[in-house]
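As structure tokens, the structure follows; a few thoughts come after it.
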Amino acid sequence: MAPAAVGFIGLGQIGSLMAGRLVGHPDGLVVCDLREEAMAPLVEQGATAATTPAEVARSCGVVSSMVLDEAQTRDVVTGPDGLLSAAEPGTVIALHSTIRPETAIELAAVAAELGVAVVDAPVSGGFMGAAAGTLATMVGGDDEAVARCWPVFEHWAAKVVHLGPV
């Protein structure tokens with residue numbers, strides 16, 4: 001079974017605000033970004049910093065990824081130090097970046113071979129919604145994986161809609 005802590009990868013303008021709403025999560029928050037200065041404010045508030053997505057996967061059961069683009073998303077999930085290199089079966093990876101549906105389907109299939117679930121969960125509401133905790137997300141993924149994400153997403157989303165499988 002995957003660990004209980006939550007992870008957040010990608011602490012840009014929106015990701016940092018989403019992750020900030022998870023500080024104080026009862027099971028802990030692990031953050032990861034290429035820029036140490038992006039992690040520092042969250043670490044000061046109690047989050048744990050990780051240097052790679054693999055390090056996040058080793059201690060987190062639900063991991064959100066809010067990176068720039070498809071290339072970064074693929075690297076976070078399947079790269080040499082990516083989430084799948086260390087994730088335990090039962091881990092759920094939530095992809096919040098703007099990516100093609102085909103990419104989410106492909107990554108979900110690769111992850112499923114390892115017993116890891118991927119949900120496609122793009123967000124809407126921009127910087128202002130992230131700051132207010134009122135983002136909306138439309139989630140594609142299996143029922144069990146979405147149910148595991150729900151208690152995490154409700155910290156930063158005002159509306160979560162499950163649309164069915166990835």
Do we have LEU17 as at pLDDT 95 or above, more than 19 Å from ALA147 (Cα to Cα) and surrounded by fewer than 22 Cβ atoms within 10 Å (Cβ to Cβ) here?
-> yes
Answer yes or no as to whether GLU113 is under 19 Å from ALA54 (Cα atoms) and open to solvent by 40 Å² or more (accessible area, probe 1.4 Å).
-> yes
If the Cβ limit is 6 Å and pairs must be 6+ apart or interchain, which residue in segment 12-23 that is farther than 13 Å from GLY133 by Cβ pairs with which residue that is crowded, with 19+ Cβ neighbours inside 10 Å?
-> GLY15/MET66
Those residues of segment 146-166 that are assigned to a helix (DSSP H, G or I) and either of a type in the set (D, E, K, R) or closer than 17 Å to ALA131 by Cα (or both) come to a total of 3
If you go through THR134, THR98, THR78, the only one that is β-branched (Val, Ile, Thr) and at pLDDT below 95 is THR98
Might you check whether a residue that is open to solvent by less than 70 Å² (accessible area, probe 1.4 Å), more than 19 Å from CYS149 (Cα to Cα) and modelled with pLDDT of 95 or more occurs anywhere in segment 25-36?
-> yes
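Residues that are polar (S, T, N, Q) and touching a Leu at 6+ places or on another chain (Cβ under 7 Å), at least 1 per element: which helices (runs of 4 or more DSSP H) completely within segment 17-84 meet that?
Working: elements: 36-44, 53-59, 70-78.
Output list reads 70-78.
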By residue number, the members of segment 52-81 that are touching a helix residue (DSSP H, G or I) at 6+ places or on another chain (Cβ under 9 Å) and surrounded by fewer than 22 Cβ atoms within 10 Å (Cβ to Cβ) are THR52, ALA54, GLY61, GLU70, ARG74, ASP75, THR78, GLY79, PRO80, ASP81
Are there any pairs with C-beta distances below 8 angstrom linking a residue in segment 141-152 that is within 9 Å of VAL119 (Cα to Cα) to a residue that is open to solvent by less than 70 Å² (accessible area, probe 1.4 Å) and part of a helix (DSSP H, G or I), with the two at least 6 apart or on different chains, and if so which?
-> GLY141/ALA108; GLY141/CYS149
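The values are calculated or read from the model by the stated rules, or taken from the named source; none is laboratory data. Predicted, not measured: the structure shown is a model, and the values here were computed from it. FYI the Cβ positions are ideal-geometry reconstructions off the backbone, even for glycines, and counts take in every protein chain you see. Each accessible area value is taken on the protein alone, full model and side chains, heavy atoms only, with ligands, DNA and RNA left out. Shrake-Rupley method; radii C 1.70, N 1.55, O 1.52, S 1.80 Å.
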